[in-house]
Amino acid sequence: MRRITVIINPIAGVRPKNVIPGIVREVLPSDQFDVEICFTEYAGHASAIAKDAVERGIDSVIAIGGDGTVNETAKSLIGSETALGIVPMGSGNGLARHIQIPLEISRALEVVRAGHRDCIDYGDVNGHIFFCTAGVGFDAKVSQAFAEMKGRGPINYARSAIEAFANYDPMTCDIYIDDGVINEKAFLIAIGNASQWGNNAYIAPRASMTDGLLDITVVKPFPLIEAPQMAMQLFSGHIDNNPNVQTFRSANIKIVQPKPDSIVHVDGEPMKLNGTLNIQVHKAALQVLTPEGPMSNVLEPIQYAIEEIHFSIWNNIRNGVRQLEKVTNEAIEEIKKSAKI
């Protein structure tokens with residue numbers, strides 16, 4: 001009987017989490033699977049739960065949440081026999097989309113049920129681990145602005161990008177790769193282990209998570225008028241065909257930053273890293289539960305968008321009811337106080 005630990009982030013995405021344990025029990029019934037379900041309670045809790053699962057010899061740890069939950073969980077599983085499973089519930093879901101995990105809960109759990117495994121690579125920037133992408137330049141600035149916003153979601157991300165674009169000054173960097181050195185003025189430098197940032201934005205469309213290499217995408221400064229074309233190529237998977245873009249592959253990368261405190265993002269998490277960025281790939285270091293064959297299709301984003309709208313409406317109704325109850329209770333209390341007077 002397979003032993004499985006399920007980690008649920010209760011605040012990821014807009015979909016309700018109270019229904020998830022029931023779906024888990026339905027797809028992974030107790031007569032076939034020994035399942036324990038844990039809800040995260042603080043930052044870093046997913047890592048602690050996953051580490052404990054490895055020590056107890058658990059077969060698989062399932063991260064139910066966004067990219068942050070997946071990243072936290074995966075870090076603790078590196079180099080172990082415990083496999084990572086993903087049920088994507090975030091706004092980007094970059095790793096899940098790359099390895100073609102379905103975006104619907106029960107279908108993602110069917111991948112867990114099947115138990116098919118692949119070993120994938122991961123990268124690190126000065127010791128900071130990433131599974132999808134890292135970068136310096138414009139995308140890192142956007143990540144910083146997005147992290148400082150109260151709301152999440154694609155609309156706020158777009159707002160962060162527009163605001164960052166207006167004030168962004170491109171940088172000139174020396175990029176050392178296995179084949180030599182590149183000196184380039186860059187709008188952004190993206191390092192891809194996976195093909196996309198998330199939301200099907202393919203910044204490294206030819207990237208593979210099993211080739212032992214990282215894909216470097218250098219986007220040169222470009223006029224604002226070309227931004228729509230750039231965006232279309234980004235989401236269609238053809239950004240590497242743009243004349244303002246250069247791509248390279250390397251197992252080891254060194255980026256000499258123009259400023260000592262440049263903002264860098266590691267799987268979307270912004271941070272200040274001083275001095276030279278030393279980036280390397282670690283081959284076949286993480287076992288992941290994946291579909292045996294392609295499971296995504298052109299309708300997947302549309303289906304997911306419809307589902308997101310459904311649960312967003314549901315949440316708005318629920319919050320409205322709660323607000324009404326609160327106002328009603330306050331009014332009743334005021335009436336009671338007045339009656340006593």
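Annotations
Each row is one residue, and each column tells you yes or no for (1) free of Cβ contacts under 8 Å to residues at least 60 places away in the same chain; (2) acidic (Asp, Glu).
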{"residue": "GLY22", "(1), (2)": "yes, no"}
{"residue": "ILE49", "(1), (2)": "yes, no"}
{"residue": "GLU55", "(1), (2)": "yes, yes"}
{"residue": "ILE64", "(1), (2)": "yes, no"}
{"residue": "GLY85", "(1), (2)": "no, no"}
{"residue": "VAL112", "(1), (2)": "no, no"}
{"residue": "GLY115", "(1), (2)": "no, no"}
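- Conditions (1) at pLDDT 95 or above; (2) over 22 Å from ARG117 (Cβ atoms); (3) surrounded by fewer than 16 Cβ atoms within 10 Å (Cβ to Cβ); (4) touching a Gly at 6+ places or on another chain (Cβ under 8 Å): number failed by PRO260: (1)
- Of all the criteria given as (1) within 16 Å of PHE138 (Cα to Cα); (2) free of Cβ contacts under 8 Å to residues at least 12 places away in the same chain, the one not satisfied by ILE189 is (2).
Condition check ((1) in contact with a strand residue (DSSP E or B) (Cβ under 8 Å, 6 or more places away or on another chain); (2) of a type in the set (Gly, Ala, Ser)) across all residues:
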{"site": "LEU234", "(1), (2)": "no, no"}
{"site": "HIS238", "(1), (2)": "no, no"}
{"site": "VAL245", "(1), (2)": "yes, no"}
{"site": "PHE248", "(1), (2)": "yes, no"}
{"site": "SER262", "(1), (2)": "yes, yes"}
{"site": "HIS265", "(1), (2)": "yes, no"}
{"site": "ASN274", "(1), (2)": "no, no"}
{"site": "ASN278", "(1), (2)": "yes, no"}
{"site": "LYS283", "(1), (2)": "yes, no"}
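- Restricting attention to the range 192-202, the residues being modelled with pLDDT of 90 or more, of a type in the set (Gly, Ala, Ser) and either buried (at least 24 other Cβ atoms within 10 Å of the Cβ) or within 14 Å of VAL136 (Cβ to Cβ) (or both) number 2.
- Residue that is at pLDDT 95 or above and open to solvent by less than 10 Å² (accessible area, probe 1.4 Å), where the choices are GLY79, GLY94, GLY85: GLY85
- Counted residues, the range 284-305 - those being modelled with pLDDT of 90 or more and exposed (fewer than 15 other Cβ atoms within 10 Å of the Cβ): 1
The values are calculated or read from the model by the stated rules, or taken from the named source; none is laboratory data. As the structure is a computational prediction, the values presented were derived from the model and not from experiment. All Cβ positions, even for glycine, are placed from backbone atoms using ideal geometry, and neighbour counts span all protein chains on display. With ligands, DNA and RNA removed, areas are computed over all heavy atoms of the protein, side chains included. Shrake-Rupley method; radii C 1.70, N 1.55, O 1.52, S 1.80 Å.
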